Amino acid sequence: LSEGRAWVYSPDGSLLAGALPNGTVRVLNAVTGDELFATSGGHGAELRISTFWSPSGDRFLTVGADDVAKVWDAATGEVVFDLQGHTDHVSSVAWSPDGTRLVAVGGEAGRGIVKIWQVGDDGAWEESLSVEEEVLSCVDWSLDGTRLATGATSGTITLRDVETGEASHSLAGQLTNV
């Protein structure tokens with residue numbers, strides 16, 4: 001396990017996934033430690049963001065230095081589909097609580113971008129929210145899936161409506177980026 005950057009349990013605790021420095025993700029049986037598979041040829045570069053499991057545990061998500069998010073089948077280790085749309089740095093990703101949407105945030109040309117994808121069995125399609133503010137560094141969903149909390153490099157946290165992107169609250173004055 002020491003070779004992975006970050007190890008994350010699947011939602012049911014039966015699997016453990018870890019991102020290796022070469023861009024490979026290893027998936028292990030969490031009880032025995034036996035390797036079930038290792039991804040190959042995914043990003044072709046270092047993983048920028050480690051593994052994120054879908055709420056159901058049947059898929060996981062990675063983001064590489066290529067700024068492409070990939071959704072993988074947790075049973076086979078095969079890429080299900082790519083989530084493209086960011087043209088610059090992707091700094092954070094999150095699954096919606098019901099597993100039907102993914103969000104990625106980052107920065108493009110000094111402004112923040114929020115990309116949301118509807119995720120289905122046959123792929124994903126983009127629902128982009130362009131947030132012409134500062135570069136964003138983190139994101140998470142509200143438990144009911146109706147709001148996003150985005151954190152900016154300035155230290156500002158903004159709560160926004162998922163459908164419109166409209167900000168409802170901003171919490172400024174954090175000491176460092178969030």
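Here, each number is a calculation from the coordinates, and none is a lab measurement. Since this is a predicted model, take the numbers as computed values, not measurements. Methodologically, a virtual Cβ is constructed for each residue, glycine included, from the backbone with ideal geometry; neighbour enumeration extends over all protein chains shown.
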Mean Cβ count within 10 Å, highest first, over the residues of peptides 157-170, 55-68, 10-23: 55-68, 10-23, 157-170
Residues residue 6 and residue 172, FRET efficiency given R0 of 45 Å [Cβ-Cβ distance, rounded to 0.05]: 0.90
